[in-house]
1. Given a Förster distance of 35 angstrom, what is the FRET efficiency for Ile11 paired with Ser49, based on the Cβ-Cβ distance and rounded to 0.05?
2. Working from the pairwise distances between different alpha carbons, so that the mean of 1/r is found and then inverted, what is region 64-151's Kirkwood radius in Å?
3. Taking the structure as given and computing Cα extents along the principal axes in Å, which label from [x] 128, 35, 27; [y] 52, 39, 32; [z] 110, 29, 26 fits?
4. Mind checking the log10 I(q)/I(0) for region 9-74 at q = 0.17, 0.20 Å⁻¹? Debye, one equal scatterer per Cα, no solvent, two decimals.
5. More than 13 angstrom separation, counting every C-alpha pair in region 102-151; what % is that?
6. Angle, helix 66-150 long axis vs. longest principal axis of the chain, Cα atoms, 0 to 90°, nearest 10?
7. Of Asn65, Thr125, Ser39, which is farthest towards the positive pole of the chain's charge dipole, taken about the Cα centre with +1 and -1 on the beta-carbons of Lys, Arg and Asp, Glu respectively?
8. Determine which residues of region 108-141 fall in the zone a paramagnetic label at Lys148 would reach in this model, i.e. backbone nitrogen under 20 Å from the point 7 Å along Cα→Cβ.
Amino acid sequence: MEITDVRIRKIDAEGKMKAVVSVTFDNEFVIHDIKVIESQNGLFIAMPSRKTPDGEFKDIAHPINAAAREKIQSAILGKYESTAEEEESKEKAKSKRKDKEEEAVEEEATEETEAEATEEVEEETAEEVEAEETVEAVEETEEEIKEKEEE
C-alpha cells in the first residue's frame, strides 16, 4: 500500500497535540484522526483510538509492523513540518504587512503633525509681519502728527 495523500486538518501551536491528520492509501482507503504529538523526544504520531469502558485507549486502526509505522510517521511528519513552515511564513508575512501598515499610519500622522507645525509657524510669521506693519503705521501716524504740530 502506498500513501497517496496526507492532509493536515488542524494545527495547534499550543499544547502537546500539534495536529490532526488524515492519510489516504492507494487513493482508496483513508484513516482520519491521526494525531501529531510533541514529546520530550520530539514529534510522533498517535493512531486514532477509542476509550474502552475500563478507561484504556485502544487503537481503532494501526500499522502491524514497525516498518509500516515508520513509513506512515515519516510521511505525516514531513507533511506536518512543511505545512507548519508555510503557516509560519504566512504569519511572518502577515506580521510584516501589519508592521508596514502601522509605519504608514505613523508616517502619515508625522506628516500631519509637521504640516500643522508648518502652518502654525506660517500663521505666527504672518501675525508678526502684520504686527510690524501696524507698528510702522503707528510710527508714521505719530510722525505725521508731529509734523502737523510743528507747522
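1. On the way: r = 20 Å, r/R0 = 0.59.
Between Ile11 and Ser49 the formula returns 0.95.
2. Working: mean 1/r = 0.0486 Å⁻¹.
When all Cα pairs of region 64-151 are included, the Kirkwood radius is 20.6 Å.
3. Read-out taken from this structure: [x].
4. -0.69, -0.92
5. Values: 861 of 1225 pairs.
Distances greater than 13 Å cover 70 percent of the Cα pairs.
6. 10
7. Checked the options; the winner is Asn65.
8. 134-141
Laboratory data are not the source of any read-out in this text; all were calculated from the coordinates shown. Since the structure is predicted, the reported quantities are computational estimates derived from the model, not experimental observations. When we count neighbours, we look across all protein chains shown, and the Cβ atoms used for this are built from the backbone with ideal geometry, even at glycine.
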